[in-house]
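What follows is a short report on a single structure.
The values are calculated or read from the model by the stated rules, or taken from the named source; none is laboratory data. Values in this document were obtained by computation on a predicted structure and should not be read as measured data. Backbone-built Cβ (ideal geometry, glycine too); neighbour counts: all protein chains shown.
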Amino acid sequence: MPIDLTPLWISLKTSLLATIITFFVGIAAAYWMLGYQGKWKSLIEGIFVSPLILPPTVVGFLLLMFFGKYGPAGQFLEKFNFSIVFNWYGAAIAATVVSFPLMYRTALGAFEQIDQNLLLVAKTLGASQWTMFWRIMLPLSIPGVLAGTTLAFARALGEFGATLMLAGNIPGQTQTMPLAIYFAVEAGDNNEAWLWSLVIMGTSLSGIVAVNIWQSAREKRGRGGERKRGRGEESERGSRGAGGQRGQALINNSGLFVDIEKKLSGFELKVSFSADKEPLGLLGGSGAGKSMILRCLAGVETPTSGRIILNGRVLFDAERKINLPARDRRIGFLVQNYALFPHMTVAQNIAFGLPKGLSSTSVKQQVEAQLIDVQLQGYSDRYPQELSGGQQQRVALARALASVPEALLLDEPFSALDTHLRSQLEQQMIATLADYQGTTLFVTHNLEEAYRICPNLLVMDFGQKVHYGSKYEVFEHPATVSVAQLTGCKNFSQAIALAPQQIEAVDWRCTLRVVEPIPDELSSLGIRAHHITFKNNLKSESNPHLGFCRESENTFPCWLVKTIETPHRMTLFLKLHSSSTGNQDYHLIAEVFKEKWTTLKDQPFPWYVHLDPMRLILMSGER
């Protein structure tokens, strides 16, 4: 007697239909839940995954109550003389409901793994939500989505309990393979049960194996790109491209004005500044609020109050309830990890932010012009994983500039590079910014980097602006101890004014002559470690009250406490007036080149340290 194959066809068509429905509904639900932060999130999440937890018979009973004759869906469908109970449609719905959680959870997990910086950059390049989903989120989540689809199909193929409750076991109409197995065993026909069991296992496992093979091949291609990147790691050349920023439209630039506050848990950002064509450096330690300022400017964070105006356009105004979306602000953003779209080539990355509607020839020309400017001709078809760190940075910069932004935000662009590459690319960055016609904000915690690149500096500390001015003013005349510390000063003492050009350094227990005017609210005194010099040992008697040698002002006896060696310098910890009682008993930190150290280290104590009146920093305000 020939075997009835209808359970196979019924199972395949119900499973395929359930998988198709689950694919679209599951992805849509995952995308929605990714951005939903409402108070009902936990409840909705529980409902979505409940078919994975509840016994299938319970799920089937609930579906029967919902779609049955007296259920809300059943009564509605009855008006159209249609019912899904105890027919093929019921089997498909049961399979869809029990397989949905697998698709939903897998897709949600895949979306959550996407680097948020990719979406941030896409917004600043003018991408809409649909564009970001279609061109970035979905392609990057394909492995997870494909895995979820395979699992959903396998689960739908093996569904039994819910199908039996809602669709019943009608041979030739609703009897799927799991039902056929159950009733074959009930009838004592183990051979038929074995047959359908093997078909289900073979079908499910073949799909899973195929996905695993595809993912393995994909990972191997990725590792091959990494090896190619390693072999091609070049000595980056920082010379400036001869063409400058070709195709860069001149921006009618009236500058950037920012006056915002943003209250966060345990942190309050409050800052006001303006910037023009000269790069403005945002200097400060971790958690100072530098990156938050950039995110507010880009439109990915919303200030609590204030205004942001760029070239006369109001980007944000809390009072007038203006808050332009990121895609309309015309701001380029270069984040720390560069956030190149990994599934796109170099050319596709650069072209992402170009205006829509350009011809393919125009797009190619503009991309090539950007590649010439960053000295990456011939790299258009490579993927980000095939590039070195320095090359990735240059592609990210080219992508940001290709959209002709009115402001360019650079968030520690050299932090991911080694010292050698950082120095070379820094020179190219300086040349690029010299040609750029917009406003540039450069975030860093590296004071030397800020000094070399930015004529003007905004120093931040715990969300507050503590000094704002030219780099010379900030470094030579820091307003407070915190600013001086951020600019590299290591020596501080409480200070008291004694006369128009004389102060007492309380912590150093000495009196000093100063040159610069003493602030009305003098609180502290400082001197940089490399500004401390040493005099030859002076034989004359010192004045114990004033603490300096008669032959040289601001010169005091000192004893060495400990040293720290670096490749080119020695850091010396010094105790003034008397020898030290321990490693932490010191007043000053000095830095000298090793050539100086070789002549200094053999001299007998006390040494004599000189604090140049021209180098002393006088500060007011809190320490």
Would you tally the residues in segment 502-515 being under 20 Å from Ser552 (Cβ atoms) and either in contact (Cβ under 8 Å) with a residue 60 or more places away in the chain or among the hydrophobic types (A, V, I, L, M, F, W, C) (or both)? 9
Among Gly74, Gly35, which is small (Gly, Ala, Ser), assigned by TED's automatic domain parsing to the domain that holds Met103, without any contact (Cβ under 8 Å) to a residue 12 or more places away in the chain and surrounded by 11 or more Cβ atoms within 10 Å (Cβ to Cβ)? Gly74
So, in segment 38-59, exactly how many residues are surrounded by 14 or more Cβ atoms within 10 Å (Cβ to Cβ) and closer than 20 Å to Gly161 by Cα? 9
Residue check, Ser482 at pLDDT below 95 and closer than 22 Å to Thr571 by Cα: yes
Among residues of segment 182-212, those that are assigned to a helix (DSSP H, G or I), over 22 Å from Ala156 (Cβ atoms) and either at pLDDT below 70 or acidic (Asp, Glu) (or both), counted: 1
Can you tell me which condition Pro478 does not meet? The list is (1) free of Cβ contacts under 8 Å to residues at least 60 places away in the same chain; (2) buried (at least 17 other Cβ atoms within 10 Å of the Cβ); (3) in contact with a strand residue (DSSP E or B) (Cβ under 8 Å, 6 or more places away or on another chain), and all the others hold. (1)
It is to be established whether one or more residues within segment 439-455 are more than 30 Å from Ser620 (Cβ to Cβ), touching a residue at least 40 places away in the same chain (Cβ under 8 Å) and not hydrophobic (A, V, I, L, M, F, W, C). yes
If only one of Gln501, Gln464 is surrounded by fewer than 22 Cβ atoms within 10 Å (Cβ to Cβ), of a type in the set (S, T, N, Q) and assigned by TED's automatic domain parsing to the domain that holds Ser580, which one is it? Gln501
Working only within segment 433-450, note down all residues that are over 19 Å from the mean Cα position of the chain (by Cα) and farther than 17 Å from Ala275 by Cβ. Asp435, Leu447, Glu448, Glu449
Reported set for segment 328-365 where residues are touching a residue at least 60 places away in the same chain (Cβ under 8 Å) and buried (at least 19 other Cβ atoms within 10 Å of the Cβ) is Arg329, Arg330, Ile331, Gly332, Phe333, Leu334, Val335, Tyr338, Ala339, Phe341, Phe352, Gly353
Go through segment 31-69 and count every residue that is among the aromatic types (Phe, Trp, Tyr), under 26 Å from Gly90 (Cα atoms) and at pLDDT 85 or above. 3
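Matching residues to (1) within 25 Å of Phe475 (Cβ to Cβ); (2) modelled with pLDDT of 90 or more; (3) crowded, with 22+ Cβ neighbours inside 10 Å:
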| residue | (1), (2), (3) |
| --- | --- |
| Leu256 | yes, yes, yes |
| Phe267 | no, no, no |
| Val271 | yes, yes, yes |
| Lys277 | yes, no, no |
| Leu282 | yes, yes, yes |
| Gly287 | yes, no, no |
| Val300 | no, yes, no |
| Phe316 | no, yes, yes |
Sort out which residues of segment 305-339 are at positive phi and either of a type in the set (S, T, N, Q) or touching a Gly at 6+ places or on another chain (Cβ under 7 Å) (or both), and write them in order of number. Asn311
Looking at segment 386-399, which of the residues that are in contact with a Leu (Cβ under 9 Å, 6 or more places away or on another chain) and not hydrophobic (A, V, I, L, M, F, W, C) is nearest to Gly353 (Cα to Cα)? Arg399
Of the numbered conditions (1) more than 21 Å from Asp507 (Cα to Cα); (2) assigned to a helix (DSSP H, G or I); (3) in contact with a strand residue (DSSP E or B) (Cβ under 9 Å, 6 or more places away or on another chain), Tyr468 fails exactly one; give the number of that condition. (2)
Residue identified as buried (at least 17 other Cβ atoms within 10 Å of the Cβ), in the same structural domain as Leu280 (by TED's automatic domain parsing), under 30 Å from Asn446 (Cα atoms) and in contact (Cβ under 8 Å) with a residue 60 or more places away in the chain among Pro384, Pro413: Pro413
The residue that is modelled with the lowest pLDDT, considering only those in segment 549-586 that are among the acidic types (Asp, Glu) and either under 17 Å from Asn536 (Cβ atoms) or part of a strand (DSSP E or B) (or both), is Glu551
Count - residues of segment 47-68 that are touching a residue at least 24 places away in the same chain (Cβ under 8 Å) and in contact with a helix residue (DSSP H, G or I) (Cβ under 6 Å, 6 or more places away or on another chain): 12
Kindly indicate whether Glu219 is outside the structural domain of Gly390 (by TED's automatic domain parsing), modelled with pLDDT of 55 or more and farther than 21 Å from Leu408 by Cβ. yes
Which residue out of Val121, Val98 is touching a strand residue (DSSP E or B) at 6+ places or on another chain (Cβ under 8 Å), at pLDDT 85 or above and outside any loop (DSSP other than H, G, I, E, B)? Val121
